[in-house]
Protein chains: 2
Amino acid sequence: MDEIDQTIVNLLRTDGRTSYAELARRVGLTAPSVQDRVSKLEKNGVITGYQAVVDPETVGLGITALIGIIPDNSADHLEICDKLRAIPQIESCYFLAGVECYQLKVRVPKMADLEKLIHQVSAIPGVAQTRTTITLSTKWEDRPQPVPPTELDYGVD
Amino acid sequence: MDEIDQTIVNLLRTDGRTSYAELARRVGLTAPSVQDRVSKLEKNGVITGYQAVVDPETVGLGITALIGIIPDNSADHLEICDKLRAIPQIESCYFLAGVECYQLKVRVPKMADLEKLIHQVSAIPGVAQTRTTITLSTKWEDRPQPVPPTELDYGVD
DNA sequence: TGGTCTGGTCGATCTCGTCCACCCGTCGAG
DNA sequence: CTCGACGGGTGGACGAGATCGACCAGACCA
């Protein structure tokens, strides 16, 4: 994970379809060696995938909401997590330090779908309470910040 | 935005580097026509970009936090938004219906950076109060849900 | 009926991806 | 000191993919 790898990662984060040839030109190497570096980055779990970024509204996912979950004392977190994972509308799931120990980001087409979704989440054993906040607008999302200058080795060679 | 476009979008959301030739095989068209569809999807703002998904921990962004912002009455939201946008560590920014009218998702290398960041956000004119929650773990993030069957035309032809 | 428009195919050409042989410093062992 | 292994890079060859222009078929409308 040297400086060249960082450049490659930054380039691929801002345009995931950049060709190896183009990357090679940018970092001053040849295509095969860039390809080699990229596949090592993938193998080492630095790059975990590539996705097209889609405007949710244009594909009929006009409603975004954040749902906080307060568990009860007997909550089995493995089970909760599994049940949550099975719900496709939950795009992100964070485990938090706080009373609301999960926060979900969900997207649905219509309010009725959100209502159904909340019932579905509330029905999971171990979920004591949920608190939902509608997002009025997404100012921005998943903006790739440049990888910070590495002073330490982060354990991935 | 017919059924074929939806398939293309779904495929590109789960693997943003899928070649046009491969997409063509999957949807039963030729590469040029798929390419044509994709460029139309990009032009119409359905696909807004492509990004490599990176494991934050492996690139030195080990700390994730959610920051809620409570504005004061005189808050100029355009200014707040601009000031927030200028802070690269803020990866996502949602405008919410609630007392905390913004929620930020931030990533930093160390706790000290988070502290600095909170001070930075608190110092923005119009920000009355912030509330920060550390995420203990990211269960998953930005999982692409299949685009819902379109019953209506969502205004993007 | 004929013109136009949209969305497709086909084929040619150029670029890119990918594999392989080879090269060149580094480092540890004999 | 020399040898051999190794990691990481280069260059070339070849097949696959991207891209462009020409052409075609069905829908729609005057």
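No lab work stands behind these numbers, since they all come straight from the coordinates. None of these values were measured; they are calculated from a predicted model. Virtual Cβ from ideal backbone geometry, glycine too; neighbours counted across all protein chains shown.
The charge dipole of the protein assembly as shown, taken about its Cα centre with unit charges on the Cβ of Lys, Arg, Asp and Glu (plus for the first two, minus for the last two), comes to roughly 160 debye.
Ordering A:56, A:114, A:12 by the projection of their Cα atoms onto the charge dipole of the stretch A:3-115, which places +1 on the Cβ of Lys and Arg and -1 on the Cβ of Asp and Glu, puts A:12 at the extreme positive end. Relative to the Cα centre, the charge distribution of chain B, modelled as +1 at Lys and Arg Cβ and -1 at Asp and Glu Cβ, gives a dipole magnitude of about 440 debye. Think of the stretch A:38-157 as having a plus end and a minus end, set by charges on the Cβ of Lys, Arg, Asp and Glu; of A:74, A:47, A:89, A:89 sits farthest toward the positive end of this dipole. Each 10 Å bin from zero up to the one holding the largest Cα-Cα distance in the protein assembly as shown carries the following percent of pairs: 5, 24, 31, 27, 11, 1.
Fewest neighbouring Cβ atoms within 10 Å first, the residues B:91, A:79 line up as A:79, B:91.
Starting from the label point of residue B:111 at 7 Å along Cα→Cβ, the same points in the other copies fall at 4.4 nm, in ascending order. Across all C-alpha atoms in chain A, the radius of gyration and Dmax reach 20.0, 57 Å. Here the stretch A:56-135 has an Rg and Dmax of 12.2, 41 Å, counting Cα atoms alone.
Starting from the label point of residue B:31 at 7 Å along Cα→Cβ, the same points in the other copies fall at 1.2 nm, in ascending order. If you fit an axis through the alpha-carbon atoms of helix B:31-43 and take the longest principal axis of the Cα set of chain B, what angle between them do you get, 0 to 90°, nearest 10? With both axes taken from Cα atoms, the answer is about 30 degrees. Residue A:123 label point (Cα plus 7 Å toward Cβ) to equivalent points in the other copies: 5.0 nm, shortest first. Return one number: the angle in degrees, 0 to 90 and rounded to the nearest 10, between the long axis of the Cα atoms of helix A:3-14 and the longest principal axis of the Cα atoms of chain A. Its long axis makes an angle of about 50 degrees.
Between 0 and 90 degrees, the angle of helix A:111-122 with respect to the longest Cα principal axis of chain A falls at about 80 degrees. Per the rotation superposing chains A and B, the chain A residue found at the smallest beta carbon distance from the axis is A:16, 2, distance in Å. If the label point is 7 Å along Cα→Cβ of residue B:113, which residues in the stretch B:42-79 have backbone nitrogen under 14 Å from it? Output list for this probe position: B:55-65. Close amide H pairs (under 5 Å, H built 1.01 Å from N) link residue A:16 with B:50, B:51, B:52, residues at least 5 positions away or on another chain. Using a cut-off of 23 Å between Cα atoms, the listed pairs B:43/B:139; A:83/A:116; A:105/B:139 include B:43/B:139 as exceeding that distance.
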